[in-house]
Amino acid sequence: MDLTDRPRRLRADGIRPLVSETDLSASDLIAPVFVDATTDDRVPIETMPGHERVPVDEAVDRVREIRETGVEAVMLFGVPESKDAEGSRAWAEDGVVQEATRRITAETDAYVVTDACLCEYTEHGHCGPLEPDAREDPTLTVDNDRTLELLGKIAVSHADAGADMVAPSGMMDGMVAAIRSALDDAAHTEVPIMSYAAKYESAFYGPFRDAADGAPAFGDRRHYQMDPANRREAGREVALDVEQGADVLMVKPALPYLDIVADVRENFDRPVAAYNVSGEYAMLHAAAEQGWLDLEATAYESLLSIKRAGADLILTYFAEDLASRL
Ligand code: PBG
């Protein structure tokens, strides 16, 4: 046997860091933050240990805590004081995300990305107003084109409040073009769009839907989010968002969809983001609590794998923990 090629030579301690292909740093990470207009106190999120919903008055402090770990960017999700059929609190000038954004951008140097979606704001929990008869007819759900108008208003209200970037997560057809033209018409030409370009209809969002109070009251999201069975279709989804002017392309969830992350990296010349979602976070915590997995090691390995697959940036609930250890 010819054993001249021995990869183990490069695994010795002194050389390992020199030949390491992938790096993780705090500047790769975005930390999700939940701002809740229904509470005056911080409320722990049971299914996501270490995370909480914070009232608007605590939003600046919450973001300062994150900045102290070295994480530079946050993604804001809002829980409004009231919900209605159209989700009108989502574009209110005094809405929860708008208020929080105004304060955070005035008082911290964090880079603020806002979630532009309606599911936390509609009383039925879908990502836009419904088509007539959607409650009775399971083939119907969200009125795509009506939702586009509302997404434009949401994005403009976030940018008016000072948001550095907007991130539409509703998987409506045409959402990037609608938001780009609304932002441009409002003179927010400098505000980039991070599109949830390939977002799957995933069971891994469970804990988030508790955290943000955004579970659909009936039915599911399979008519607008992607079928987990489909890989080639992601190429089509992402191409549409690129044509419409998306600045950053997101794949979500992350770990079960690393093939998609790798495809997007390979086929599109735009920064790639991956969302390491609530269920990916919760499952490591649950196993660690049982003593079955080492939380720090598995969290680090997860995020490293997401970068290795091709992500430039990662949205993750591990952001603070990881950054404070780096
Ligand atoms: C809302 C939205 C969801 C997540 C982010 N934005 C939930 C969903 O689509 O049902 C999930 C995030 C997570 O699980 O961490 N459109």
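The values are calculated or read from the model by the stated rules, or taken from the named source; none is laboratory data. Quick caveat: nothing in here was measured; it's all calculated off a predicted structure. Cβ coordinates were reconstructed from backbone atoms using ideal geometry, including for glycine residues, and neighbour counts include every protein chain displayed.
List of remarks:
- Being in contact with a Ser or Thr (Cβ under 7 Å, 6 or more places away or on another chain) and under 24 Å from residue 122 (Cα atoms) holds for only one residue in 207, 228, and it is 207.
- Given (1) buried (at least 17 other Cβ atoms within 10 Å of the Cβ); (2) of a type in the set (Gly, Ala, Ser); (3) more than 16 Å from the ligand (Cβ to nearest atom); (4) modelled with pLDDT under 95, number of the condition residue 125 does not satisfy: (3)
- The residues on offer are 90, 85, and the sole one that is closer than 23 Å to residue 144 by Cα, among the small types (Gly, Ala, Ser) and within 16 Å of the ligand (Cβ to nearest atom) is 90.
- Number of residues in the range 1-38 that are free of Cβ contacts under 8 Å to residues at least 40 places away in the same chain and either polar (S, T, N, Q) or farther than 17 Å from residue 308 by Cα (or both) equals 16.
- Residue 58 being of a type in the set (D, E, K, R) and surrounded by fewer than 17 Cβ atoms within 10 Å (Cβ to Cβ): no
- For the condition surrounded by 22 or more Cβ atoms within 10 Å (Cβ to Cβ) and more than 30 Å from residue 295 (Cα to Cα), residue 97 qualifies.
- Selection within the range 256-276: residues that are among the small types (Gly, Ala, Ser) and within 15 Å of the ligand (Cβ to nearest atom). The member of this set that is surrounded by the fewest Cβ atoms within 10 Å (Cβ to Cβ) is 273.
Results for (1) touching a residue at least 60 places away in the same chain (Cβ under 8 Å); (2) among the acidic types (Asp, Glu); (3) farther than 16 Å from residue 314 by Cβ, shown as yes or no for each residue.
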{"site": "198", "(1), (2), (3)": "yes, no, no"}
{"site": "222", "(1), (2), (3)": "no, no, yes"}
{"site": "228", "(1), (2), (3)": "no, no, yes"}
{"site": "233", "(1), (2), (3)": "no, yes, yes"}
{"site": "244", "(1), (2), (3)": "yes, no, yes"}
{"site": "248", "(1), (2), (3)": "yes, no, no"}
{"site": "268", "(1), (2), (3)": "no, no, yes"}
{"site": "273", "(1), (2), (3)": "yes, no, no"}
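- Restricting attention to the range 19-53, the residues being surrounded by fewer than 22 Cβ atoms within 10 Å (Cβ to Cβ) and closer than 15 Å to residue 101 by Cα number 1.
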